[in-house]
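The values are calculated or read from the model by the stated rules, or taken from the named source; none is laboratory data. What you see is a predicted model; the values in this text were computed from it and never measured. Note that we place each Cβ from the backbone using ideal geometry, even for glycine, and neighbour counts take in every protein chain shown.
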Amino acid sequence: MAKSNQFIKQYFGNKKEIGAIAPSSKFLRNRMMAPISFHSADVIIELGAGNGVFTKEIIKRMKSSCKLFVFETNELFFELLSNEIKDDRVVFFNDSAELINQKLSENGIKCADAIVSSLPYAVFPSEVKNNILDACVSILNKEGVYVQFQYSLNAHKLLKHKFTNVTLDFTPINMPPAFIYRCRP
């Protein structure tokens, strides 16, 4: 209950960073993980980790040699996650997802196999959305997947413009119900 209260406080205090009033459900979590080939992924990126619902699931599923790079701009969530999760395979950044290329390059990484995003594009300025998605497209390998959830269809046109193949899924069992985009280069 304490984590839910923190989430709600962050939502009302930072609506330009936090797009959800409650943490994601297990149904959304499972649909977000479904397109990722965990047995072969060497590098996974998470954008907008929030309280770590997806982060913890990715860690459970990824192989021992995989690296997870987590971007979270909210100071409280960043501190909570980086203090709670002690796994040598995970690197946390308290930076914008616009810096994906720079941060991964600093860690000797040239491409990613999967990107999991919880970023609330509906509240981002167009320039920021475009910068983030351009960075995602440039770092994702040819067989990779970008998985994004949103509470509306407003990002559909933008994602179709950035990625070659975009499929849409939906889960009503989430607060609020969510659309899941599965995008491939």
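Data for the structure
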item: Helices (runs of 4 or more DSSP H) wholly inside the stretch 1-114 that include at least 1 residues being of a type in the set (S, T, N, Q), over 15 Å from the mean Cα position of the chain (by Cα) and at pLDDT 95 or above; result: 75-84, 100-106
item: Residue in the stretch 117-162 that is farthest from Gly48 (Cα to Cα), counting only those that are in a loop (DSSP other than H, G, I, E, B) and within 14 Å of the chain's Cα centre (by Cα); result: Pro120
item: Single residue of Tyr151, Tyr181, Tyr146 found to be in contact (Cβ under 8 Å) with a residue 40 or more places away in the chain and of a type in the set (Phe, Trp, Tyr); result: Tyr151
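Rundown of residues vs (1) surrounded by 17 or more Cβ atoms within 10 Å (Cβ to Cβ); (2) hydrophobic (A, V, I, L, M, F, W, C); (3) closer than 27 Å to Thr171 by Cβ, yes/no style:
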{"site": "Ile44", "(1), (2), (3)": "yes, yes, yes"}
{"site": "Leu76", "(1), (2), (3)": "no, yes, yes"}
{"site": "Lys86", "(1), (2), (3)": "no, no, no"}
{"site": "Leu104", "(1), (2), (3)": "yes, yes, no"}
{"site": "Phe124", "(1), (2), (3)": "yes, yes, yes"}
{"site": "Lys142", "(1), (2), (3)": "no, no, no"}
